Amino acid sequence: MNIPVGTLVIEDIAGGLISESLTPVIDNGWIPFPLKLAKGGFRWRLELPEVGEISIVGGVFRDFDTIGLWQTATPPLVKGPDLQPWREDEPIDWVSLETRSRPVKVSPRNCVEEGYLMSCSLSDGISGPGVSIQKGRVVGWTFGVIAEKGFFWRGRDGRRLRIEVYIEDYYRLTFAESREEKFLIALADDPQSVLQRLENLTLAFQFPKRLAIEDTPEHLRDETIHRTILDGVRQAVAQGDAAAAMDAFDRGTLIDIDDIDILLLVSQETGNLYGAASALELIEDVRAYLSKSNPENLARLNYLLRSLTIQHLEELAEQGDWARVAKRLEITQSYFEDDVELHLFAVRLVLSDRDWAEAERLLHSRNYPSSLQVQVADIDQEIQELKGQEGQIVIRFTPGASNIPVRATLNGQVSLDFLIDTGASTVTIPSAAVRSLGIPTDTVKSKRQVYTAGGVVTAREVILDSIEIDGWSVQRVKALVLDIPRRPGLGLLGLNYLDRFNVDMRPEEGLLTLTPR
């Protein structure tokens, strides 16, 4: 029997080869081929010796079929043996397409109904692509390792067979708008920039998968794409495009990608660009949604989370933002409940409220490794200093600064920002503060001339019931009502207030101590 044999070539949307297989041509240009190997096929062609290339138009199959029949463009340039339904009561000859050896008798067994086909186990020795024949007509096929059973036709004979699904519709139904398709487009060998390819790859994760893992080519599997994304990020960073690369990764994208290595790298680069707080926010938004099947990956993520947390707490402590330190420690306790280095930040937080007794209790409630002994000693020294400062007003300022700011409460009701001014003989307060205190300046008769940077001005003199700083109150303080040019809301603490104290000024340490006389 003369059976035309060609090579079926299937390519993806980017021109990559999906499959290249020997196939017989049956009846009016029909060729059999496994459905799972046809997914993602955008261009199909049959290459026939002495004929050339013939395009494939469409096919027929049912939902549970393993194999589909696909037809070349009509009228067919090559006609093969007739196709007819398999008859179980007649003998079957099998012919190998590779060797074209003499027919072998086969006996199908353990058959399972699929759709248009029956799949059956065959005798030992039947392997590779071949054709099953009854009375000179084709009734079935084998495909070797790509579909290991024998498949027998149960549909209409070839003369009455018509295309039911066209190639473009099969592609649209089984592969279009899939994650795998978007990967193919992103990986296409065209002049995309590193950033453009990176963006296309990350956007692909928003689309659903269409292929089972066992049917997915290696280069389209998530783990392969993860490695490609990592390489792209590193390349973008090396080119100075780190910020643009980070724009490709938002919370939803990182959750869809679900890869610890990518989250670690993106978090590290985010921290380098925008600080530890931004990196922490990213990790905390994503970590609960990631797969946790690998304990080693979770440990790596926690290591980075802890490092960023300590870095962020140090930044906040240096800024004196203890309210945010407290909030961050509250969040961190759910991750690292017994971490002694983080515990030291809790001690420093208590010290920021000058509660040396509670800080001392907390400090000595834990044992610390040798790597933290310097920090422990520094905190203990600060505790001892606070002990010695009881009954004093301690004002801290930027070391070397010419202006020393302090906040005080007037008459127990109005808070006001002051500057310590040892060159001013008298306390000054702005007119707005006088109005807030309810002091009627229009009836005040006592006035003084004051020399300012703008010249000599006349200022009214009032008596403040009290000035309180850090819980220490000084009673009956004279003050001049004076609005400082360009600083209308600011007062000056002059010598008539400061002389109530022994003043210890340490500019290089940024420390001013007022000890009541």
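Some observations on this one:
- Considering segment 156-180, and only residues there that are of a type in the set (Ser, Thr, Tyr) and not in a helix (DSSP H, G or I), the residue that is nearest to Thr216 (Cα to Cα) turns out to be Ser178.
- Residue count, segment 312-342 (criterion: surrounded by fewer than 15 Cβ atoms within 10 Å (Cβ to Cβ), free of Cβ contacts under 8 Å to residues at least 12 places away in the same chain, assigned to a helix (DSSP H, G or I) and under 27 Å from the mean Cα position of the chain (by Cα)): 3
- Selection within segment 475-513 - closer than 13 Å to Leu410 by Cβ, over 56 Å from the mean Cα position of the chain (by Cα) and among the hydrophobic types (A, V, I, L, M, F, W, C): Val477, Ala479, Val481
- Scanning segment 20-34 for residues that are surrounded by 17 or more Cβ atoms within 10 Å (Cβ to Cβ) and either under 20 Å from Glu148 (Cα atoms) or of a type outside the set (Gly, Ala, Ser) (or both) returns Ser21, Thr23, Pro24, Val25, Ile26, Asp27, Asn28, Trp30, Ile31, Pro32, Phe33, Pro34.
- Yes/no for Ala424 being surrounded by 17 or more Cβ atoms within 10 Å (Cβ to Cβ), out of contact with any Ser or Thr (no Cβ under 6 Å at 6 or more places or on another chain) and assigned to a loop (DSSP other than H, G, I, E, B): yes
- Scan of segment 131-155 for residues that are without any contact (Cβ under 8 Å) to a residue 60 or more places away in the chain, closer than 22 Å to Phe64 by Cα and not in a loop (DSSP other than H, G, I, E, B), ordered by number: Ser132, Val139, Gly140, Thr142, Gly144, Val145, Gly150
- One residue alone among Thr253, Thr309 is over 22 Å from Asp339 (Cα atoms), assigned to a helix (DSSP H, G or I), in contact (Cβ under 8 Å) with a residue 24 or more places away in the chain and touching a Ser or Thr at 6+ places or on another chain (Cβ under 9 Å), and that residue is Thr253.
- Condition check for Phe345: touching a helix residue (DSSP H, G or I) at 6+ places or on another chain (Cβ under 9 Å), closer than 30 Å to Ile283 by Cα and in a loop (DSSP other than H, G, I, E, B): no
- For segment 83-122, filtering for residues that are of a type outside the set (D, E, K, R), surrounded by 13 or more Cβ atoms within 10 Å (Cβ to Cβ) and more than 23 Å from Asp65 (Cβ to Cβ) leaves 3.
- Test: residue in segment 170-192 that is touching a Leu at 6+ places or on another chain (Cβ under 6 Å) and without any contact (Cβ under 8 Å) to a residue 40 or more places away in the chain: yes
- Test: residue in segment 440-460 that is assigned to a strand (DSSP E or B) and in contact with a helix residue (DSSP H, G or I) (Cβ under 7 Å, 6 or more places away or on another chain): yes
Read-outs throughout are calculated quantities, based only on the coordinates presented, and are distinct from any laboratory measurement. What you see is a predicted model; the values in this text were computed from it and never measured. All Cβ positions, even for glycine, are placed from backbone atoms using ideal geometry, and neighbour counts span all protein chains on display.
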